[in-house]
1. So which of Tyr98, Tyr79, Tyr25 ends up being within 12 Å of the chain's Cα centre (by Cα) and of a type in the set (Ser, Thr, Tyr)?
2. For segment 75-91, give me the residue count where each residue is aromatic (Phe, Trp, Tyr) and buried (at least 20 other Cβ atoms within 10 Å of the Cβ).
3. Within segment 64-94, how many residues turn out to be in contact with a Phe, Trp or Tyr (Cβ under 7 Å, 6 or more places away or on another chain) and within 15 Å of Leu28 (Cβ to Cβ)?
4. Looking at segment 41-52, can you tell me whether even one residue there is surrounded by fewer than 13 Cβ atoms within 10 Å (Cβ to Cβ) and assigned to a helix (DSSP H, G or I)?
5. Would you point out the residue of segment 34-77, among those that are aliphatic (A, V, I, L, M) and without any contact (Cβ under 8 Å) to a residue 40 or more places away in the chain, that is nearest to His14 (Cα to Cα)?
6. Look at Arg31 and say whether it is open to solvent by 30 Å² or more (accessible area, probe 1.4 Å) and in a helix (DSSP H, G or I).
7. Does Val72 meet the test of being under 23 Å from Leu100 (Cα atoms), open to solvent by 20 Å² or more (accessible area, probe 1.4 Å), aliphatic (A, V, I, L, M) and at pLDDT 90 or above?
8. Among the residues of segment 1-28, how many are open to solvent by 90 Å² or more (accessible area, probe 1.4 Å), within 22 Å of Thr88 (Cα to Cα) and part of a loop (DSSP other than H, G, I, E, B)?
Amino acid sequence: MLKKNYKGRCHKHHISKCKEICRTYSPLQTRYADMLQDNDEITEIRCNVLLEGLTEGEYTSDFFCTKTNGDVMVRECVYRSKIEKPMTIKLLDMSREYWLKRGVTDWGIVIDATEK
């Protein structure tokens, strides 16, 4: 999860399953986007989807994906070194609750063992 209009270093690349240019902000996000692209179960990928109407501010979810059976899944990418930080926990809970309220039950966290 990132704040809307995050100003960090952005890696832009074309993914055929994404209608727009995919923008990733960490090597973890980039690697996971490539994994989603190679996954035959995923038909469409949306990156940095705005969580609208949050009282805490404007944030985005990392990946919103449509599967071949029509179901959707949401994934948030977090480095292991950040997973226990109070703000990270708050943001992940906020994302999970946001998507549950919208009927998305396949929500998960992508964790990398080391930050590069």
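The values are calculated or read from the model by the stated rules, or taken from the named source; none is laboratory data. Everything quoted here is computed from the prediction, not taken from an experiment. So basically every Cβ, Gly included, is an ideal-geometry build from the backbone, and we count neighbours across all protein chains shown. Heavy atoms of the whole protein, side chains included, go into the accessibility calculation; ligands, DNA and RNA do not. Shrake-Rupley method; radii C 1.70, N 1.55, O 1.52, S 1.80 Å.
1. None of the others qualify; the one that does is Tyr25.
2. Looking only at segment 75-91, we keep the residues that are aromatic (Phe, Trp, Tyr), and these are 79.
Filter again for buried (at least 20 other Cβ atoms within 10 Å of the Cβ), leaving none.
Residues that pass the stated criteria total 0.
3. The qualifying residues number 2.
4. Going residue by residue through segment 41-52, those that are surrounded by fewer than 13 Cβ atoms within 10 Å (Cβ to Cβ) are 41, 50, 52.
Filter again for assigned to a helix (DSSP H, G or I), leaving none.
Checked against the condition, which is being surrounded by fewer than 13 Cβ atoms within 10 Å (Cβ to Cβ) and assigned to a helix (DSSP H, G or I), segment 41-52 yields no hits at all.
5. Here is the first cut: in segment 34-77, the residues aliphatic (A, V, I, L, M) are 35-36, 42, 45, 49-51, 54, 72-74.
Now narrow it down to the ones that are without any contact (Cβ under 8 Å) to a residue 40 or more places away in the chain: 35-36, 42, 45, 49, 72-74.
Working: Met35: 14, Leu36: 13, Ile42: 16, Ile45: 11, Val49: 17, Val72: 21, Met73: 21, Val74: 20 Å.
My answer is Ile45.
6. Here the answer is yes, as Arg31 does meet what is asked.
7. Working: under 23 Å from Leu100 (Cα atoms): yes; open to solvent by 20 Å² or more (accessible area, probe 1.4 Å): yes; aliphatic (A, V, I, L, M): yes; at pLDDT 90 or above: yes.
Yes, satisfied.
8. The qualifying residues number 4.
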